[in-house]
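Colleague: Can you keep this structure in mind? I'll have questions shortly.
The values are calculated or read from the model by the stated rules, or taken from the named source; none is laboratory data. As the structure is a computational prediction, the values presented were derived from the model and not from experiment. Heads up, the Cβs are rebuilt from the backbone with ideal geometry, glycines too, and the neighbour counts pull from every protein chain shown. With ligands, DNA and RNA removed, areas are computed over all heavy atoms of the protein, side chains included. Shrake-Rupley method; radii C 1.70, N 1.55, O 1.52, S 1.80 Å.
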Amino acid sequence: MERTLYLIRHGAVEGPRVCLGRTDLPLSRQGRFQAGLLKLWFENRQPVTALCSPLRRCVETASVAFGSAKPMNGFAEIDMGEWDGLPFETIRTCWPELYRRRGEDMLHVFPPDGEAPENALARFEKTLSDCLKNTEGDIAAVAHSGVMRLMLCKLSGRPLNTAFTLSQPHGCVNVLTLCRDGFHLETEALRPMPVLDERACLSLLKACGCDAELIAHCRAAAGQAAMLTGQLKAVGLALNGEAIQAAALLHDMARGLPSHAAEAGHWLSEAGYRALGKIVARHHDWDGGVIDEAAVVYLADKLVQGDRTVTLKERFTVSGEKCKTLEARVAHERRFRTARALLEQVEALCAEKGRH
């Protein structure tokens, strides 16, 4: 009987970019978003057994995606020894010659007290083999890019020294089928892209750690956006209602982070939802022009305070109290003028339609 093995890279981690082996970092909010996409993607292909590396970034990814998973020490990332957790600039400065040599031969040159890649592959492969012997049905294993790249090279017959050139983005899935003659690699580095309907968007908001108050605001903004979309459709503007709804629901999923609109837009674009990412990225500072999907989300957001529908004056009076610098007050006034002009444009279109 055929079995399916899903090899999954964990989501993005918190903190600056470092040489990441056994350093135990948590998921970032983007990483939790990526894990939320995995959860949605696996709903109709739920594996019988979920396993993961014992490192926190894999445990947290598996927790969001599958509810729970069994930690397996053999699935841990390659141990980077004295380099583990250090910024790459520090490594270049302290070990210039070794860093240069490793760049030329990552398979045979490794950090002081670090793990040889071939040894990492051997223990990963043994752990996977033991898991297959002791389970039935499909398996999902959340692990790390280093050990998975080595495993993928071996399974596909590629030289191991090409492993570190393989693309394995955070939250990606590699799908393998286990038959009598061994593994067959079906799909490599797949980015899960479930349909982002209302239920899926609400699930992603929860995965990102949004609280009930913020989720209520997003739902209210989506309701306002749906009403505006209907009004504009009635006057002949054919906008993408599904994209508007998804963007309105997800527009504040990165709230609390610097440049939260651009950040949320980046998450979506990097996950493959580029058009949706552009809408979300513009919801805080719509740049004018023709009325499009981003304009509707921008205006809908400005007509909601918390989970209540309000006037633009009410909304901007409250938000204006948070502006502590001249630069912030100038930007706030600009957003108010933009929103007011946009609302007047929508109202004029509707009034014109009513006269005919």
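Colleague: Return the unpartnered cysteines for the chain, using a Cβ-Cβ cut-off of under 4.7 Å.
Modeller: So, C19, C94, C131, C153, C172, C179, C201, C208, C210, C218, C323, C350.
Colleague: Out of the DSSP beta bridges found with both residues in the chain, what percent are antiparallel (nearest 5)?
Modeller: Around 60 percent of the beta bridges assigned by DSSP in the chain are antiparallel ones.
Colleague: Give the carbon-plus-sulfur fraction of the accessible surface of the stretch 282-346 in %, rounded to a whole number; probe 1.4 Å, heavy atoms of protein chains only.
Modeller: 53 percent
Colleague: Now a separate question. Between N134 and E14, what is the spin-label point distance in nm, taking each point 7 Å from the Cα along the Cα→C-beta axis?
Modeller: Taking the two extended label points, one gets 3.1 nm.
Colleague: Does the stretch 1-144 classify as rounded, prolate or oblate by the C-alpha gyration tensor (a ≥ b ≥ c root eigenvalues; a/c under 1.5 gives rounded; else a/b over b/c gives prolate, otherwise oblate)?
Modeller: In terms of gyration-tensor shape, oblate.
Colleague: Answer rounded, prolate or oblate for the stretch 286-340, using the Cα gyration tensor with square roots of eigenvalues a ≥ b ≥ c: rounded when a/c is under 1.5, else prolate when a/b is larger than b/c, else oblate.
Modeller: oblate
Colleague: Then there's this: Given 0.36 nm per residue, what is the gain on full extension from L343 to D285 after removing their alpha carbon distance, in nm?
Modeller: 19.4 nm
Colleague: With a probe of 1.4 Å, find how much accessible area the stretch 256-295 has per residue, and write the answer as a whole number in Å².
Modeller: I get 46 Å² per residue for this part.
Colleague: What is the diffusion coefficient of the chain in µm²/s, taking the Kirkwood radius over Cα pairs and the Stokes-Einstein relation at 4 °C with a viscosity of 1.567 mPa s?
Modeller: Stokes-Einstein gives a translational diffusion coefficient of 57 µm²/s.
Colleague: Please find the FRET efficiency linking E125 to M1, where r is the Cβ-Cβ separation and R0 is fixed at 22 Å, and quote it to the nearest 0.05.
Modeller: So the FRET efficiency works out to roughly 0.50.
Colleague: Now for a different question. Starting from the stretch 310-356, pick out the GluC sites (Glu not before Pro) whose DSSP state is loop and whose Cβ has at most 11 other Cβ atoms within 10 Å.
Modeller: Here the sparse-neighbourhood loop sites are E321.
Colleague: Could you state the accessible area per residue of the stretch 37-126 in Å², with a 1.4 Å probe and every protein chain left in place?
Modeller: Ligands and nucleic acids excluded, the figure is 49 Å² per residue.
Colleague: Work out from phi, with θ = phi - 60° and the Karplus expression 6.51 cos²θ - 1.76 cosθ + 1.60, the ³J(HN,Hα) of each residue of the stretch 312-328, listed in order in whole Hz, and give x for Gly and Pro.
Modeller: 4, 4, 4, 4, 7, 5, 5, 5, x, 5, 8, 7, 9, 10, 4, 4, 5
Colleague: Please go through the stretch 169-239 and write out the trypsin sites (Lys or Arg not before Pro) that DSSP classes as loop and that have at most 12 other C-beta atoms within 10 Å.
Modeller: Those satisfying the criteria are R180.
Colleague: Round to the nearest 0.05 the FRET efficiency obtained for A212 and S156 when R0 = 56 Å and r is the Cβ-Cβ distance.
Modeller: 0.75
Colleague: Another one. Between the stretch 13-40 and the stretch 290-340, what is the C-alpha centre distance in whole Å?
Modeller: Taking the Cα centre of the stretch 290-340 as reference, the centre of the stretch 13-40 is 32 Å away.
Colleague: Just grab the label-to-label distance for V318 and E186, each label 7 Å out from Cα along the Cβ direction, in nm (one decimal).
Modeller: 4.8 nm
Colleague: In percent, what relative contact order does the chain have, based on Cα pairs under 8 Å that are 6 or more apart in sequence?
Modeller: Relative contact order comes out at 16 percent.
Colleague: Within the stretch 178-285, which chymotrypsin sites (Phe, Trp or Tyr not before Pro) sit in a loop by DSSP and count at most 12 neighbouring Cβ atoms inside 10 Å?
Modeller: none
Colleague: At 0.36 nm per residue, and after removing the present C-alpha to C-alpha distance, how many nm does the segment from V175 to E242 gain when stretched out fully?
Modeller: 21.2 nm
Colleague: Percent relative contact order of the stretch 1-157, based on C-alpha pairs within less than 8 angstrom and at least six residues apart?
Modeller: Computed over the stretch 1-157, the figure is 33 percent.
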